[in-house]
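K.L.:
A single structure is presented below for examination.
Just so it is clear, none of the values below were taken in a lab; they were calculated from the coordinates. In this text the structure is predicted, and so the values were computed from the model without any measurement. Note that each Cβ is placed from the backbone with ideal geometry, even for glycine, and that neighbours are counted across all protein chains shown.
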Amino acid sequence: MTRTLLVTGGAGFIGSNFVHLVLAERPDWKVVNLDALTYAGNLENLTEAESNPNYVFLHGDITVASDVDAAFAKCASIGGDVSVVHFAAESHVDRSIESGLPFVQANVLGTQVLLDASRKHGVARFCHVSTDEVYGSLGKTGFFTEETPLAPNSPYAASKTASDLFVRAAVHTHGFPAVITRCSNNYGPYQFPEKLIPLMIANASEDKDLPVYGDGMNVRDWLYVQDHCEAILRVLEAGKDGEVYNIGGNNEYPNIDIVRLILEHLGKPESLIRFVKDRPGHDQRYAIDAAKIKNELGWEPRFTFERALPETIAWYQAQPLWMERVRSGAYREYYQRQYGS
Ligand code: NAD
Ligand code: TYD
């Protein structure tokens, strides 16, 4: 039977990588991409998909019930069982510190609108793409498991936690067929250059300062985006309703080491590093225990950091036009507010 996927936020970083993966790996599936094209949504991430008869883009907002209904109507006209993979969100911690309301709107309200519509129209499965940031921050030791108490620290993380809880409530109350994934930091092609890795690549390429928050010793667990997308596909196809699956790379680096690696790969001097005021409430360390998805679903990362980071740097270097367009307009205004001149 044909499977029709309603992907929300498919024009963003991870969503667009997921759309490419599904079109390549599941040639009998259809993909409907519902995206509001916020500053982070970029249809240029999907130019290769545009000519694929299995793919359709719908410009719409998950907080608007009529937009979501229209997307389900499109799925119904295609036929087959419908599953939702929900990426759409406001995703940047620094922006959430500036203003939390857009995060409540998109991440909490948007998720509930999508849940209501999914129950009304009927779905085979709903995969809610969440983050390890719902667990808060770790000290020097330990890992986040699926049982770690939820303790979000940033407005972004709080809004994602709230959305996870609404998904959980739909499962518990209505027997809704949802799964939740919680992944660590991603890197790879098509990431908006407000996040650490593409920002540092862009700045270093232009011999601009690299703004490192605090002492640069905050630790993240980096996973290549294709590994994350393959894990989501695995959970979608084989996960158990109501379950949470952590996804991680077992690949911890302090920020300053990442920045130095990027400079080394680009042949740029460390004098470009500029230590700036720390992020308020900056989480110290994230690290995922991904034993559950490995043991129950057989997923493990395939890409090593040693291979995928240089490939990612090479990808951004080969896409000067993509970078130039992304860095225009709204992005520049935000950049100005965040870092000054
Ligand atoms: P992104 O910011 O690159 O993309 C978000 C997409 O959602 C954009 O295309 C945007 O236009 C769309 N969108 C935002 N609000 C919308 C709305 N109201 N209606 C419809 N579309 C809307 O984000 P990303 O980094 O690709 O993250 C995708 C998901 O994965 C998010 O839910 C995020 O919380 C989660 N996640 C991200 C990471 C990471 O490292 N980037 C790690 C773990 C989990
Ligand atoms: P980011 O990519 O924003 O992801 P998250 O905050 O969701 O983990 O940031 C990754 C790490 O890099 C985080 O510890 C903050 C730090 N960082 C900087 O030091 N400088 C920067 O300009 C940015 C954007 C992030």
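K.L.:
What does the convex hull of the Cα atoms of segment 1-100 come to per residue, in Å³, rounded to a whole number?
P.N.:
Output value, Cα hull per residue: 91 Å³.
K.L.:
Read phi for every residue in segment 10-26 and hand back ³J(HN,Hα) as whole Hz from Karplus 6.51 cos²θ - 1.76 cosθ + 1.60, θ = phi - 60°, with x for Gly and Pro.
P.N.:
x, 8, x, 4, 6, x, 5, 4, 5, 4, 4, 4, 5, 4, 7, 9, 10
K.L.:
How many percent of the alpha carbon pairs in the chain exceed a separation of 25 Å? Display every interim value, and only then the final one.
P.N.:
Numbers: 28945 of 57970 pairs.
Considering the chain, 50 percent of its Cα-Cα pairs are separated by more than 25 Å.
K.L.:
I've got another one for you. Over segment 194-341, what number does the Rg to Rh ratio reach, with both radii from the alpha-carbon atoms and Rh per Kirkwood?
P.N.:
On the Cα set of segment 194-341, Rg over Rh gives 1.01.
K.L.:
Same structure, new question: Could you let me know the centre-to-centre spacing of segment 179-219 and segment 247-279, using Cα atoms, in angstrom?
P.N.:
Answer, in whole Å: 8.
K.L.:
Continuing with the same structure: Starting from 0.36 nm per residue, how many nanometres of slack lie between Leu101 and Arg274 once their C-alpha separation is accounted for? Working shown, then result.
P.N.:
Numbers: separation 173, 0.36 × 173 = 62.28 nm, distance 3.05 nm.
Extra length from Leu101 to Arg274 when fully extended: 59.2 nm.
K.L.:
Give me the angle, in degrees from 0 to 90, between the Cα long axis of helix 65-78 and the longest principal axis of the Cα atoms of the chain, rounded to the nearest 10.
P.N.:
Roughly 70 degrees between the two axes.
K.L.:
Which entries of Lys160/Lys277; Lys120/Lys240; Lys195/Lys268 show an alpha-carbon separation above 30 angstrom in the structure shown?
P.N.:
none
K.L.:
Then there's this: Report, by chain and number, residues whose modeled amide H sits under 5 Å from the one on Gly10, excluding near sequence neighbours (fewer than 5 apart, same chain).
P.N.:
Close amide H contacts, sequence-distant or interchain: Leu34.
K.L.:
Next question. Taking only the Cα atoms of segment 231-291, how large is their convex hull per residue, in Å³? Before the final figure, lay out the partial values.
P.N.:
Details: hull volume 8.0 nm³, N = 61.
In segment 231-291, the Cα convex hull volume per residue is 132 Å³.
K.L.:
Turning to a different aspect of this structure: Give a residue-ordered list of calculated ³J(HN,Hα) values for segment 34-43 (Karplus: 6.51 cos²θ - 1.76 cosθ + 1.60, θ = phi - 60°; whole Hz; x for Gly, Pro).
P.N.:
Those phi angles translate into 9, 9, 7, 6, 5, 3, 8, x, 9, 5 Hz.
K.L.:
When the gyration tensor of segment 137-242 is built from Cα positions, what are the square roots of 5 times its three eigenvalues, in whole Å, from largest to smallest?
P.N.:
Equivalent ellipsoid of segment 137-242: 31, 18, 13 Å, largest first.
K.L.:
Roughly how many debye, to the nearest 20, is the charge dipole of the chain about its Cα centre, given +1 on each Lys and Arg Cβ, -1 on each Asp and Glu Cβ, and no other charges?
P.N.:
Its charge dipole is roughly 260 debye.
K.L.:
Could you give me the percent of Cα pairs per 10 Å distance bin for segment 21-156, shortest bin first, beginning at zero and ending with the bin that holds the maximum distance?
P.N.:
Going from the shortest bin to the longest, the percentages are 10, 35, 33, 18, 3, 0.
K.L.:
With no solvent and one equal point scatterer per Cα, compute the Debye intensity ratio I(q)/I(0) for segment 119-169 at 0.16, 0.20, 0.29 Å⁻¹ and report its log10, rounded to two decimals.
P.N.:
So the normalised log intensities are -0.53, -0.73, -1.17.
K.L.:
Let me ask something else about it. How many angstrom lie between the C-alpha centres of segment 39-60 and segment 69-140?
P.N.:
Result: 18 Å between the Cα centres.
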